[in-house]
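Encoded as structure tokens, the structure appears first; notes follow it.
The values are calculated or read from the model by the stated rules, or taken from the named source; none is laboratory data. Note that this is a predicted model, so its numbers are computed, not measured. Counting neighbours? That spans all protein chains shown, and the Cβs are built from the backbone with ideal geometry, glycine included. Ligands, DNA and RNA are stripped out before the accessible areas are found, and what is left, the full protein with its side chains, is counted by its heavy atoms. Shrake-Rupley method; radii C 1.70, N 1.55, O 1.52, S 1.80 Å.
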Amino acid sequence: MRRIGLGIICLFLFSFVKAQSNQDFGSWLGLSAGYKVSKKIKINGVTQVRTFENSQALKQVFLDLGVAYKYNKHLKFGLAWRGKENYANINPVYSNRVGFDVRLSQKIIKKTHLSFRSRTQYSFVENNLNKPYERLRLKLTYKVKKGLTVFVQDELFFNLNAFKNSAYDKNRFGIGASKKINKKLELTSKYLRIKEIGVYRPLTMNVLFASINYKI
């Protein structure tokens, strides 16, 4: 009788923990290309496919086109446009997004760089649920050997239209590595943990990301 009671309690606790755990898994696959116009100006193109629902359903497909300006070895500016088709709802939703980046980087110790990125973005969506965001990312990169780097990063998302609720509504933590195959080709893979902030039963998205980067 005691074992039956203990089993019921364990089953209840397991069900409770599972109910509180709102998790999902997805995969992001990308391809990017960059062309150096000059020593200071670079043009970039990125296309990416993202899944969700335990990577069984297509979530979104997008194309990024942007230009970056290198002011000096520590400071860069970027401007980009994104066209995105979102399939998370019953009917696909197309949106346009523009963003402006400011990037700072500094070597802190041997083989280790610390970088900071501020991204201001605005999306134009058909259903008028437009959210201007300010995104702040801190990234630590370590050069293991020639052609191989590992990194850890954390990014905070601030909804600039959140008047009543907290502006900070999402966190994206990541850890990964980049490997140069040759002078033109580089492979990047990472794990991302994206968590909603300030909502009831926040969704935590676990993502495996892989991309091919090519220098034209």
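Assorted remarks:
- Normalising by residue count, the chain has a Cα convex hull of 182 Å³ per residue.
- Percent accessible area from carbon and sulfur atoms, the chain, protein chains only, probe 1.4 Å: 63
- Whole-angstrom gap from the range 58-98 to the range 192-208, using each part's C-alpha centre: 21
- Loop-resident trypsin sites (Lys or Arg not before Pro) (DSSP state other than H, G, I, E or B) in the range 152-216 with no more than 15 further Cβ atoms inside 10 Å of their Cβ: Lys164, Lys183, Lys184.
- Between 0 and 90°, nearest 10: helix 2-20 axis offset from the chain longest Cα axis: 30
- For the chain, the longest site-free run once GluC sites (Glu not before Pro) in DSSP loop states with at most 16 other Cβ atoms within 10 Å are removed: 127-216
- The largest-to-smallest principal axis extents of the Cα set in the range 13-133 are 55, 39, 26 Å.
- Gain in span if fully extended, Leu138 to Ile175, counting 0.36 nm per residue against the direct Cα distance: 12.1 nm
- Given the chain, longest segment not containing exposed loop chymotrypsin sites (Phe, Trp or Tyr not before Pro) (DSSP; at most 16 other Cβ within 10 Å): 88-162
- Among the trypsin sites (Lys or Arg not before Pro) in the range 115-151, those located in a DSSP loop and surrounded by at most 12 other Cβ atoms within 10 Å of their own Cβ are Lys146.
- Ratio Rg/Rh [Cα only; Rh per Kirkwood] for the range 93-148: 1.21
- Listed residues Val49, Val37, Val67, most fluctuating in the chain (Gaussian network, C-alpha, under 10 Å): Val37
- GNM flexibility winner over the chain from Pro92, Pro202, Pro132 (Cα, springs under 10 Å): Pro92
- Heavy-atom accessible area with a 1.4 Å probe sorts Ile194, Ile216, largest first, into Ile216, Ile194.
- Selection from Leu75, Ile90, Gln121 lying farthest towards where the dipole of the range 66-125 points positive, charges on Cβ: Leu75
- Gain in span if fully extended, Arg193 to Val93, counting 0.36 nm per residue against the direct Cα distance: 33.6 nm
- By accessible area with a 1.4 Å probe, ligands and nucleic acids excluded, highest first: order of Leu104, Leu185: Leu104, Leu185
- Probe 1.4 Å, protein heavy atoms only - accessible area per residue of the range 79-141 in square angstrom: 63
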